[in-house]
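Each remark here refers to the structure printed beneath this line.
Taken together, the values in this text are just the output of simple stated rules run on the coordinates, not laboratory data. Note that the structure is predicted; figures quoted are calculated from it, not measured. In this analysis, Cβ positions are derived from the backbone assuming ideal geometry, glycine residues included, and neighbour counts consider all displayed protein chains.
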Amino acid sequence: MENPKNIAIIMDGNRRWARSRGLHDQKGHTAGYEKLLELLDWVAEAGVPHVTVFAFSTENWKRSEEEINHLQSLICRLGDKDKKRLIKEGVKVTFIGKHERFSEKTRKKIKETEEATKECKKVNLTIAFSYGGRKEIVLAAEAWSDSGTEPTEENFERFLQTTHMPDPDIVIRFGKEKRISNFLLWQIAYSELFFSDTFWPDLSKDEFVEILESFKNRARRRGV
């Protein structure tokens, strides 16, 4: 089997990684952010054109204001300190989710990052930020209903937030949990699922390559 076209990743375990080392939760999120930048190099090297990551769910709004603000600061860092790196490495960034509750600065940096990287073509990074799969489907259903088009899957998919990318071939969840947690519920109908006990900041290139090799050995029958 050939390489996947899109790898979806649930980047879980940042806080537990930090606490196991006696560190503040924010250190875990920062380490997770830096691991994402490292992953982009591995994805490019493997020739995978799309990677989609779950960075902040709609349920994460229940967390502390301090933690939410830190996560926003990392998104701003992507559009400031690390923007040149993204452009140099050919990474196009697209955000999905509902961003109204974030600060004006964060919303501005999201738009600036997307605009600055829109011509990049090597890796397409989609960041699900304040995203929920059920909410996406509800919003798509409302838009489809107003469109007056025929009730087909193809017509419905036009109103999802992920029309810029293929459906994920692989979903990988790190951090020992074995659930999807409201991530890309429509898009992963036929994705291959991988669950790792590794906390996201501890992911190694060897483990990533091993998952890719395991994917190539799976028979994707899609119900046939």
- Pair V209, I87: separation of 7 Å Cα→Cβ label points (nm): 3.2
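Restricting to Cα pairs below 8 Å that are 6+ residues apart, what does the relative contact order work out to for the chain? Please round to a whole percent. Mind dumping the intermediate values first?
Numbers: 346 pairs, mean separation 64.9, N = 224.
Relative contact order here is 29 percent.
Can you give the relative contact order of the range 71-144 as a percent, counting alpha carbon pairs under 8 Å and 6+ residues apart? Present the calculation step by step, with values, prior to reporting the outcome.
Values: 84 pairs, mean separation 29.7, N = 74.
Relative contact order for the range 71-144 comes out at 40 percent.
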- Item | Ranked W17, W200, criterion: other C-beta atoms within 10 Å, fewest first | W17, W200
- Task: Go through the range 37-112 and name the GluC sites (Glu not before Pro) that are in a DSSP coil and have 11 or fewer other Cβ atoms within 10 Å of their Cβ.
- Result: E100
- Within 10 Å of each residue's Cβ, count the other Cβ atoms and sort M11, M165 from fewest upward. M165, M11
- Over its Cα atoms, what ratio of radius of gyration to 2.2 N^0.38 Å does the range 72-191 give? 1.16
